[in-house]
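Working notes, structure below.
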Amino acid sequence: MADIKHNDNDHRLEVAETPAPSSENPHDNNNKGKTKKKRVASVDVFRGLTVALMILVDDAGGEWPMIGHAPWNGCNLADFVMPFFLFIVGIAIALALKRIPDRCNATKKVILRTLKLIFWGLLLQGGFSHAPDKLSYGVDMKLIRWCGILQRIALAYFIVGLLEIATQGAQPKELPPGRLSIYKLYFWHWMLGACVLIVYMAVLYGTYVPSWEFKVQNTESADYGKILTVACDVRGKLDPPCNAVGYVDRQVLGINHMYLHPAWKRSKACTEKSPYEGPFKKDAPSWCRAPFEPEGILSSISAILSTIIGVHFGHVLIQMKDHSSRLRHWIIMGVGLVVLGIILHFTDAIPLNKQLYTFSYVCVTSGAAALVFSFFYIMVDILKLRYLFLPLEWIGKNAMFVYVMAAEGIFAGFINGWYYDDPHNTLTYWIQKHIFIGVWNSRRVGILLYVIFAEILFWAIVSGILHWLGIYWKL
């Protein structure tokens, strides 16, 4: 997944197979090892899981806040989705760019796909699309949101993809002996990771954040139009109002171009219904009403680390030829990253925080991605239990299509455009109310089951049909 797309040649490895000598001539030279291209199906399964998780946490997270984004510090299920995307992007970069006959052409493709990702990101999350709830479209350019999920993937893909192209050919065909040889072989990737981490940490802890003010832009707020002040004048703070991540975005993007509904609005400081959404407390601090960009500039720079780790796993897949060596490396590294991140968090050195994309968060989520991918690799590519994960594999092979139609609500918005008498009297709402919520007599359970069966499973079946027809949405 060099981006969120499927390409028949992206995830194939050449495997040398040496057949047994024939009984007539055990020394037959014509029976030499043949090279066979074998698809790594666990890549598609992992990508499909990531898209399915995004649909689940986005559409059921309101009723089940424990799976939604953590209001600030911490790590819920939803907080694993973005790093999982970036991790699998990294693996697919390594596989897709393992051979480059023409560097110039490869660079053009990377640039073009980057621009396509940015375009779709602005279209879907910049404010132009109001799906699925509002039957309108269009955005005031004074308020357009410049950052988003696809824009962050585009940045990581662009930087790491160009590095992969630039360093291609510098590695020998065979992995040199030594435990650290795989790291030495891709020295420049780790140098990039070190530079990213140094820049991020220096800006995060070294930037002075002055007090700031903002105008409430949320039209649904009782304070709409008011100008509020947030007192800071500090350096190195990682709290919601006074961190360097938000400061950089306010200075570069402009406060009017940031996300209006950050997860911190569900924090205990803002609402008594925390972790659910609810009205603000009477004494809620002013920053509760402020915008914040969870896919902002500084945090997106840190997010490149997730893709670099993913690329490393792709390099292991290419360079190490046997399953046991690959799994040993992946699992040890995955466990090590998780343990390191947990230690940093619980010693209060660096908190787990998705909004800031802290280093501890990178470690825990990348380590978790490594372990989940290792599990799928064992089940799908080693034990050949691929049929158990076919719905996820189908989604993974048409991930961009499912992301746009389901995760961004484009298909639901289209269905909601055909209503009877009232805009809320649509097929989507009828199915939710009468088939799921009504049957279970519980909105929470009904919404969860609706998302699992009427969204995730439905799009898995659609993706399976498209796969059978050989139709894929490519960027």
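Looking at region 434-475, which of its residues are among the charged types (D, E, K, R) and in a helix (DSSP H, G or I)? Steps first, answer last, please.
Of the residues in region 434-475, the ones among the charged types (D, E, K, R) are 443-444, 455, 474.
Hits for region 434-475 are Arg443, Arg444, Glu455.
If a residue counts only when it is among the aromatic types (Phe, Trp, Tyr), which helices (runs of 4 or more DSSP H) contained entirely in region 143-247 have at least 3 such residues?
Details: elements: 149-167, 181-185, 187-206.
Those helices (runs of 4 or more DSSP H) span 187-206.
The residues on offer are Ala244, Ala269, Ala263, Ala290, and the sole one that is touching a Ser or Thr at 6+ places or on another chain (Cβ under 7 Å), touching a residue at least 12 places away in the same chain (Cβ under 8 Å) and aliphatic (A, V, I, L, M) is Ala244. Within region 135-172, the set of residues being surrounded by fewer than 19 Cβ atoms within 10 Å (Cβ to Cβ), touching a residue at least 12 places away in the same chain (Cβ under 8 Å) and over 30 Å from Ala94 (Cβ atoms) comprises Leu135, Val139, Asp140, Lys142, Leu143, Ile144. Suppose we keep only residues that are open to solvent by less than 30 Å² (accessible area, probe 1.4 Å) and of a type in the set (A, V, I, L, M, F, W, C) within region 254-272. Which one would you say is nearest to Thr207 (Cα to Cα)? Top of the filtered list is Met258.
Regarding Ile93, is this residue hydrophobic (A, V, I, L, M, F, W, C), open to solvent by 10 Å² or more (accessible area, probe 1.4 Å) and at pLDDT 90 or above?
On the way: hydrophobic (A, V, I, L, M, F, W, C): yes; open to solvent by 10 Å² or more (accessible area, probe 1.4 Å): no; at pLDDT 90 or above: yes.
When the stated conditions are applied, Ile93 does not pass them.
Could you look through region 192-246, keep only residues that are touching a helix residue (DSSP H, G or I) at 6+ places or on another chain (Cβ under 9 Å) and of a type in the set (Phe, Trp, Tyr), and pick out the one that is farthest from Asp283 (Cα to Cα)? Only one residue tops the list, namely Tyr200.
Could you list, in sequence order, the residues of region 317-331 that are among the polar types (S, T, N, Q) and either open to solvent by less than 10 Å² (accessible area, probe 1.4 Å) or out of contact with any Leu (no Cβ under 7 Å at 6 or more places or on another chain) (or both)? Talk me through it step by step, then tell me what you get.
Applying the first criterion (among the polar types (S, T, N, Q)) to region 317-331 yields 319, 324-325.
The answer is Ser324, Ser325.
Against the test of being of a type in the set (Gly, Ala, Ser) and either assigned to a loop (DSSP other than H, G, I, E, B) or open to solvent by 20 Å² or more (accessible area, probe 1.4 Å) (or both), the options Gly334, Gly310, Gly278, Gly314 yield a single qualifying residue, Gly278.
The values are calculated or read from the model by the stated rules, or taken from the named source; none is laboratory data. These figures come from a predicted structure and were not determined experimentally. So basically every Cβ, Gly included, is an ideal-geometry build from the backbone, and we count neighbours across all protein chains shown. Surface accessibility is based on the protein's heavy atoms, side chains included, excluding ligands, DNA and RNA. Shrake-Rupley method; radii C 1.70, N 1.55, O 1.52, S 1.80 Å.
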